[in-house]
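Here's the structure, in structure tokens; my notes come after.
The values are calculated or read from the model by the stated rules, or taken from the named source; none is laboratory data. The structure displayed is predicted, hence computed values, not measured ones. Ideal geometry is used to build each Cβ from the backbone, glycine not excepted, and the neighbour counts take in all protein chains shown.
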Amino acid sequence: MTTPLIEFQHVDKVFNQQTAVSDLNLTINQGELFVLVGASGSGKTTSLKMINRLEPMTSGQITINDQDITTLPVRQLRLEIGYVLQQIALFPTMTVAQNIAVIPEMKQMPKAQINKLTDELLTEVGLDPAVYRDRKPSELSGGEQQRIGILRAVAAQPKLVLMDEPFSALDPISRQQLQDLVLRLHHRFNNTIVFVTHDMTEALKLGDRIGIMRQGQLLQVDTPTAIAQHPVNDFVKEFFGANRAKNVYDVYVGRIGLVLGYLDTTNVTAELSQIPEIDGQATLRAAFEILAKQNYLAVTKEGVLQGYLDRQKILDYLSRYTAES
Amino acid sequence: MTNLIQVFIERRGDLSVALWQHLVISITALVIAIIIAVPLAIWVVRRPKVAEFFLQVTSVLQTIPSLALLGLLIPLVGIGTVPAIIALIIYALLPIFQNTYLGISEIDSSIEEAADAFGMSRMRKLFKVELPIALPQIISGIRTALVLIVGTATLAALIGAGGLGTFILLGIDRNNTGLLLLGAISSALLAIILSLIIRWFQTAKPKQALIALGVILVALGGSGAYSVYANRTETITIAGKLGSEPDILINMYKDLIEANDDHVKVTLKPNFGKTTFLFNALKHDQIDIYPEFTGSVLETLVKGKNPKGLTADQTYALAKKRLATQADLQLLKPMAYNNTYALAVTKTFQQTHHLKTISDLRQIETELNPGMTLEFIDREDGLRGLKKAYDLDVTAKSMEPALRYEAIHKDRVNLVDAYSTDSELRQYQLAILKDDQHFFPTYQGAPLMKASFAKAHPKVVTALNQLAGKISETDMQEMNYKVNVQHKSAASVARQYLVSHDLLKGVK
């Protein structure tokens, strides 16, 4: 059951006579993690910022819960929407705790409750409150800073959170950790997230559904698997391909399932319970080690079984990988 | 160094008064400048064109020489503390405005975006985000302004606002390095200490900073309120021109008036300025009394042709009459001594050239190298008229009053103008040339006040009239010598004279 939360209807955005977004029609459902992906200048960030009116639209209509956003007082609208920036932009004069408390304070949450919440959230993201609470943003690493950036956006538990390329400035390890964090918080708070990125791998990992944008146009909106298997045109196919890992060893195991589909379980001859499990986020390097001894792999996503792979499937992917490049 | 310590010990009391005045003027100017500049800068942050305009205006204001600015303010707001504070505010605006403006407008746009995206109101964003980020820069602007203010405030003494500049002016005037250094060092120390306090504000916790700020404001407000309160009781303000002689005289006035009337308090403003400046201050009720000379009245303060060769009594009568009719002022009876202009040479020079009178100078016209005060050079009863009366053709170097005696002492010049009561005549062994043509008018000192003031204060008039016909030229030279050369305080010298001449009732 899907209930629409945000609806774009014929939305245009023109900057200095240049069309940034053209006739955007898009429905984002309640509770989904929706990823807008595209190269820079594709209009994805502009589309995102039109939702909380940081960018005014030129024409068309955006509704949230069937309410036209331009009819709401802008501050009230924004107070109910979390926001994570690419530049992180923690307030430098405030401590970590004060940064997290910014929105709860504006919502007049009692101080004791804010303190408790702050400590809980810090613990949740693996930062010891006793150590981190009173630090200034400048004393944190980039990854730590963006964790706080995310906590700041979700602390007041908004139903909707907007994230504008939040991890593009981070190193690959921090990026992965934070992607996992976003997924975790998404499940915990059961909120709706609109996530903008230029990284197809990130989009595939995070998105319940993905919208691909190019030059102000929304090309395709679908689940990761559907896009991987049925790209609407060559651009989407290219974009999908161009974003794969440089080194074949670093390809995610889950990606093979996305591209080729998993084995039909009727063909799996081994005892299912004895097949070793591997997370979809693991790389082929790990898969090779297992397949050297075993015939099958069970791919999971957050502990949930996605499907099975065998040596043949992997070799099939490898041969295509070479052909693609 | 020992001189400095000695001056410090002698002047402790004056110093603390001057220091307090300096502090009050500086802090008041600074606080007002902050109140004007910070909100203005915040207001223009979203209006870059207006901001550009204000930056230009404040920069232009900054380039006006401080002395000129003080001069410009006198016709508008008079003299004293008010114009001094206004001038200082004008100087402080630029650094505070500029730093606040830049501090806020240079905040990373992503931080502004975050604040907006979280639904912060304009005010909340300003106080929670923008001001805290810009604070270090704003404070450094305030520190720059403060150092500027404390330094420039030394000029406040020129327009009668007091402060540490009084010591510097006095030091220059009396050629007393100790006084000069005392003023300069105190002002520098004050700047450093205040600057440190402001730096503490920067690192202090907001709560402590607010408390400290509150204490400072309450102290200043209290002092302001006290001075308003103090002014309600009968206070008579007496000022004097630059130099030791007016300083001694006004101390005598104070003693005499206070001894005659217990309910009156006299405030002295010594070294208040030059002749016309004091005259204007009197007319504008900024001071009540100052000692003026009969000759100066006729020459510079009133209109009308001056007949030649007046006797002392005639000079006084004419000055008194013209002051009464033209300016509604009353000149009380003069003292005995005639502090007229004179030309002086060293005793050796006098002997070599057999000089007795001013007329004798004509023979050695080409050898003359005069150093004279600007005022003397430029006056009809000074060098200008003298050249005509004696048919002399000389050109004088203009010098500060105290410097010309140094100059003749060191043979840099060989002829100076002098007042007949100057202590330096004695100190440097100078000889006065006789005014054989009776060119210089009589200059007898007498208290000058508004006619209305004299009418309302008969006791004051009685008290001051006790000095009529007193104090000879030697008395005055002697007293000037004690102050200028022996560095005694004008107050004690004045008191000593009054006591020894039985002029103070009930004061031993």
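Select from the stretch A:43-77 the residues that are more than 11 Å from chain B (Cβ to nearest Cβ) and either touching a helix residue (DSSP H, G or I) at 6+ places or on another chain (Cβ under 6 Å) or β-branched (Val, Ile, Thr) (or both) and list them in ascending order.
Once the filter is applied, which keeps residues that are more than 11 Å from chain B (Cβ to nearest Cβ) and either touching a helix residue (DSSP H, G or I) at 6+ places or on another chain (Cβ under 6 Å) or β-branched (Val, Ile, Thr) (or both), the stretch A:43-77 yields A:THR45, A:THR46, A:MET57, A:THR58, A:ILE62, A:THR63, A:ILE64, A:ILE69, A:THR70, A:THR71.
Among the listed residues B:LEU503, B:LEU467, which satisfies the condition of being buried (at least 16 other Cβ atoms within 10 Å of the Cβ) and at pLDDT 85 or above?
On the way: B:LEU503 fails: at pLDDT 85 or above.
So the residue among B:LEU503, B:LEU467 that is buried (at least 16 other Cβ atoms within 10 Å of the Cβ) and at pLDDT 85 or above is B:LEU467.
Can you tell me how many residues in the stretch B:1-30 are surrounded by fewer than 16 Cβ atoms within 10 Å (Cβ to Cβ) and either in contact (Cβ under 8 Å) with a residue 40 or more places away in the chain or assigned to a helix (DSSP H, G or I) (or both)?
Residues in the stretch B:1-30 being surrounded by fewer than 16 Cβ atoms within 10 Å (Cβ to Cβ) and either in contact (Cβ under 8 Å) with a residue 40 or more places away in the chain or assigned to a helix (DSSP H, G or I) (or both): 11 in total.
Might you let me know whether the stretch A:219-231 holds any residue that is touching a residue at least 40 places away in the same chain (Cβ under 8 Å) and in a loop (DSSP other than H, G, I, E, B)?
No: zero hits.
At least 2 residues that are at pLDDT 95 or above, in contact with a Phe, Trp or Tyr (Cβ under 6 Å, 6 or more places away or on another chain) and more than 9 Å from every other protein chain (Cβ to nearest Cβ) in each: list the helices (runs of 4 or more DSSP H) lying fully within the stretch A:78-152 that qualify.
A:96-106
What is the number of the single condition among (1) under 30 Å from B:ILE133 (Cβ atoms); (2) free of Cβ contacts under 8 Å to residues at least 40 places away in the same chain; (3) assigned to a strand (DSSP E or B) that A:ARG175 does not meet?
Condition (3) is where A:ARG175 drops out.
Conditions tested, residue by residue: (1) assigned by TED's automatic domain parsing to the domain that holds B:THR276; (2) closer than 22 Å to B:GLY160 by Cα; (3) at pLDDT below 90; (4) not β-branched (Val, Ile, Thr).
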residue: B:GLY13; (1), (2), (3), (4): no, yes, yes, yes
residue: B:ALA18; (1), (2), (3), (4): no, yes, yes, yes
residue: B:SER26; (1), (2), (3), (4): no, yes, no, yes
residue: B:PRO48; (1), (2), (3), (4): no, no, yes, yes
residue: B:SER59; (1), (2), (3), (4): no, no, yes, yes
residue: B:ALA68; (1), (2), (3), (4): no, yes, yes, yes
residue: B:LEU72; (1), (2), (3), (4): no, yes, yes, yes
residue: B:VAL77; (1), (2), (3), (4): no, yes, yes, no
residue: B:VAL82; (1), (2), (3), (4): no, yes, yes, no
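Assigned to a helix (DSSP H, G or I), touching a residue at least 40 places away in the same chain (Cβ under 8 Å) and not aromatic (Phe, Trp, Tyr), is that true of B:GLU292?
For B:GLU292, the condition - assigned to a helix (DSSP H, G or I), touching a residue at least 40 places away in the same chain (Cβ under 8 Å) and not aromatic (Phe, Trp, Tyr) - is not met.
Quick one: in the stretch B:372-415, of everything that is in a loop (DSSP other than H, G, I, E, B) and in contact with a Leu (Cβ under 7 Å, 6 or more places away or on another chain), which residue is surrounded by the most Cβ atoms within 10 Å (Cβ to Cβ)? Before you say what the answer is, go through the steps one by one.
Taking the stretch B:372-415 and keeping what is in a loop (DSSP other than H, G, I, E, B), we get B:378-382, B:391-396, B:400, B:410-414.
Now drop any that are not in contact with a Leu (Cβ under 7 Å, 6 or more places away or on another chain), which leaves B:392, B:394, B:396, B:414.
Numbers: B:LEU392: 17, B:VAL394: 17, B:ALA396: 22, B:ASN414: 18.
Only one residue tops the list, namely B:ALA396.
Which one is surrounded by the most Cβ atoms within 10 Å (Cβ to Cβ) among residues in the stretch A:245-276 that are farther than 24 Å from A:ALA226 by Cα and within 24 Å of the chain's Cα centre (by Cα)?
Top of the filtered list is A:TYR249.
If we scan the stretch B:303-313, do we find a residue that is touching a residue at least 12 places away in the same chain (Cβ under 8 Å), touching a strand residue (DSSP E or B) at 6+ places or on another chain (Cβ under 7 Å) and on the phi < 0 side of the Ramachandran plot?
Taking every residue of the stretch B:303-313 in turn, at least one turns out to be touching a residue at least 12 places away in the same chain (Cβ under 8 Å), touching a strand residue (DSSP E or B) at 6+ places or on another chain (Cβ under 7 Å) and on the phi < 0 side of the Ramachandran plot.
Test of understanding: among B:LYS397, B:LYS387, B:LYS410, which residue is touching a Pro at 6+ places or on another chain (Cβ under 8 Å), farther than 20 Å from B:TYR337 by Cα and not assigned by TED's automatic domain parsing to the domain that holds B:GLU478?
Unique residue meeting the criteria: B:LYS397.
In the stretch B:449-508, what count of residues is obtained for those that are of a type in the set (Ser, Thr, Tyr) and more than 19 Å from B:ASP247 (Cβ to Cβ)?
2
Can you work out which of the residues in the stretch A:163-181 that are buried (at least 24 other Cβ atoms within 10 Å of the Cβ) and within 14 Å of chain B (Cβ to nearest Cβ) is nearest to B:ASP116 (Cα to Cα)?
Here the residue is A:MET163.
Pick out the one residue from A:ALA156, A:ALA130 that is more than 13 Å from A:VAL96 (Cα to Cα) and either over 16 Å from the mean Cα position of the chain (by Cα) or surrounded by fewer than 19 Cβ atoms within 10 Å (Cβ to Cβ) (or both). Walk me through it before giving the result.
Working: A:ALA130 fails: more than 13 Å from A:VAL96 (Cα to Cα).
Only one candidate qualifies: A:ALA156.
Condition check: touching a residue at least 24 places away in the same chain (Cβ under 8 Å), out of contact with any His (no Cβ under 8 Å at 6 or more places or on another chain) and either among the hydroxyl-bearing types (Ser, Thr, Tyr) or surrounded by fewer than 16 Cβ atoms within 10 Å (Cβ to Cβ) (or both). Does A:ASN190 satisfy that?
For A:ASN190, the condition - touching a residue at least 24 places away in the same chain (Cβ under 8 Å), out of contact with any His (no Cβ under 8 Å at 6 or more places or on another chain) and either among the hydroxyl-bearing types (Ser, Thr, Tyr) or surrounded by fewer than 16 Cβ atoms within 10 Å (Cβ to Cβ) (or both) - is met.
So, in the stretch A:187-218, exactly how many residues are farther than 16 Å from A:PHE34 by Cα and in a helix (DSSP H, G or I)? Steps first, answer last, please.
Within the stretch A:187-218, the first condition is being farther than 16 Å from A:PHE34 by Cα, and the residues that meet it are A:188, A:214-217.
So of that shortlist, the ones also in a helix (DSSP H, G or I) come out as A:188.
The number of residues fulfilling the criteria is 1.
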